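Values in this text are rule-based calculations from the coordinates and carry no lab data. On a predicted model such as this, the values are computed, not experimentally measured, just so you know. Note: ideal-geometry Cβ built from the backbone for every residue, glycine included; neighbour counts use all protein chains shown.
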Amino acid sequence: PVLADHPLVRGPRFRRLKIGAGHRLDAKSSGVFVLGIGHGNKLLTDLYNCHLTKVYTVGGLFGKATDDFSDTGKLVEKTTFDHITREKLERILAVIQGTNHKALLMHSNIDMKTQEAYELAVKGLIRPMGKSPPIITAIRCLQLVLPEFQLEIHCLHETQQYLRKMVHEIGLELKSSAVCTQVRRIRDGVFTLDDALLRTQWNLQSIQNAIWDCQLKVKRELEKTL
Amino acid sequence: RRGLAKPAGPRSVRQLREAEEAAPVFQYVGKAAKRKDRVFVWGFCYSGALGVPSFVKPDVGWKKPRRIQPTPYRLETEEKISSAACGYGFTLLSSNTMDITKVWGMGLNKDSQLGFQRSIRDRTKGYEYVLEPSPIPLPLEKPQQTRVLQVSCGRAHSLILTDSEGVFTMGNNSYGQCGRKVVEDETYSESHLIHQLKEFDSRVVQVVCGQDHSLFRTKKGAVYACGWGADGQTGLGHYNITSVPTKLRGDIAGVNIIQVSSYGDCCLAVSDEGDVFGWGNSEYLQLASVTETTQVNVPRHLPFKIGKIKEAACGGTGNIVLTEEGNVFVWGYGILGKGPNLTETAVPEMIPPSLFGWSDFNPDIRVAHVRCGLSQFAALTNRGELFVWGKNLRGCLGTGRMEDHYFPWRVTVPGEVVDVACGVDHMVSMVKSF
């Protein structure tokens, strides 16, 4: 314990930090948010080019329709919802998955007539490797207790407002209306809820531990894709 | 004095909540809402087989006739259609109703395959092209009791199966495919003749048309055939024409057949134990697993070890079967569905279920039905999704793209697809709305 090492003498350890953000998360949503510090920003661009799927838990409410598709907006319409059953919801979700799967194949820019395209399609590895509109790769209903329901959505290149719009459109398809109450990202590429730090853990020691744990995972994922 | 009203201003939370609760509730659909049945068509329009007159003759002068309908288009029908069949340029739709009109036809009528359609302009002549679903008058003894179970179309003839009055055949009979004696130099266009077939060993439960021959399956499990036999497709042991439906023997004799299928010159039959029998044309290796000859005129058992077979469908050059586990096997020649490298095989190859939407996320997706057109294949899953692949002749695949698809591709239909009928250059599907 040298006097020159004491923080009150030396000054704070980090004066300026370069922080970059991963995929956007808007104010009304919650969940995993990836940040890069210093040299980690270079890994951020690589992770963006990997085009990995993100998993969200979306909670919704039947019976209302608002102008910004969430429950805090201006009310547009109220409808009945007692005709909605789990079976009807699953049918709509199957159709959404089907059209999005088709969009996935179309935007991946691979020539469909080649043998490699067929082999990738069999394994399920076709994905758009460039700019594309939001695509949902998988969607599943976790629970349905009228009037509220919960969905798990795996998607690519999306925004949270697009997910709220999707909830609204599901409501319209079921001949009723729906608003989105909760959007929570549970996975962003390789980072899951277990790796994420809570608000109480935003201190230097836990941040350093988290970076150390994730380094190996990130390196492996980048090598696999590029 | 000034009025007692307060100025508007921003509304408080309590006011917003009260306004929300006071808002009216709309009801779009009640608890007992029924799902509607719809018919979607797509493919080549000029023959009129799609049943939409505005595709061929637009109502407005400046619009051009549409040559191809690349995506599913809804066809308005008066009754619920229970069975549909696509022939070579014409379509038949039939309903299970007890009204007098049970069958509608549209498309080519040059050989009276849609019966006699009286022309409005000249009451003695008939229409050669029918652009709209027009009722086909059937000579029924009890028109308000008999029900039409199934229809089937071949190249230039059609078969209609009823529940109590046998089978009605109409159209071209130059090879005896209508089940009546061939008349030399008969003119088939504008003919009023509809032949009725009743003499089978038991009630006929399925009728299938090949290109120029007809197959009948009876309740006892026997198969009858008539028509052209130069490729052995009648399966009667010779290569001549048969004009009277005759029972097939060979490996089928004594076996209870539960399904027959044919579209070109090759035929397949499935027995109740899951075995498949084939006969007919084998130039494209369809029957090469049992014989080297290119024509087989006696039904032969195909010894495939792929499991118990539930359903089979024959196309022009390729065949497809569906097993009990829900796996799909293809063999033959052409675009078979396993990429551009697999163009011909004599042994059935399985198409991976992941191409039909099966994944760890949805492990209970299974193929429920398979159908064949001339060079296209179609598969229906238990979730009501339709997958097509094969040669995209004049937009018949319905995917919206004009190129051929070498592996199963989804068709976006607004509803749950219940059944599909494939033709040469068009397809018809029966869909239940959400």
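Observations on the structure shown:
- Normalising the average separation of contacting C-alpha pairs (under 8 angstrom, six or more residues apart) by the number of residues puts the relative contact order of chain B at 13 percent.
- Of all lysines in the structure, those lying under 27 Å Cα to Cα from residue A:219, and not within fewer than 8 positions of it along the same chain, are A:18, A:42, A:54, A:123, A:131.
- Over segment A:1-65, relative contact order from alpha-carbon pairs under 8 Å, at least 6 apart, %: 24
- Partners of residue B:247 within straight-line reach, counting lysines whose Cα lies under 21 Å from its Cα and excluding those fewer than 8 residues away in the same chain: B:181, B:198, B:219, B:220.
- Residue list for segment B:1-28, given a label point 7 angstrom along the Cα-to-Cβ vector of residue A:68 and an amide N cut-off under 19 Å: B:10-17, B:20
- Label-point separation, residue A:141 to residue A:44 (7 Å along Cα→Cβ), nm: 3.9
- Remark: C-alpha extents of segment B:39-157 on the principal axes read 47, 34, 27 Å, sorted largest to smallest.
- Of the GluC sites (Glu not before Pro) found in segment B:253-318, those in coil by DSSP whose Cβ has at most 10 other Cβ atoms within 10 Å are B:273, B:292.
- For chain B, with +1 on Lys and Arg beta carbons and -1 on Asp and Glu, the positive-most of B:233, B:306, B:424 along the dipole: B:424
- Value of relative contact order over chain A, rounded to a whole percent, pairs C-alpha under 8 Å and six or more apart: 29
- Footprinting exposure proxy for B:405, B:192, B:213, A:39 (fewest neighbouring C-beta atoms within 10 Å first): A:39, B:192, B:405, B:213
- Restricting the calculation to Cα atoms, chain B shows an Rg/Rh of 1.09 when the hydrodynamic-style radius is the Kirkwood one.
- Percent breakdown of C-alpha pair distances by 10 Å bin, ordered from the shortest bin, for the protein assembly as shown: 3, 13, 20, 20, 16, 12, 8, 4, 2, 1, 0, 0
- Charge dipole (debye, nearest 20) of the protein assembly as shown; +1 at Cβ of Lys and Arg, -1 at Cβ of Asp and Glu: 3060
- Residues of type lysines that residue A:74 reaches as a straight line, Cα spacing below 24 Å, ignoring anything fewer than 8 places off in the same chain: A:28, A:64, A:165, A:175, B:6
- Per-peptide average of other Cβ atoms within 10 Å, ordering A:7-14, A:29-36 highest first: A:29-36, A:7-14
- With a 10 Å cut-off around each Cβ of B:32-39, the average count of Cβ atoms from other chains is 1.
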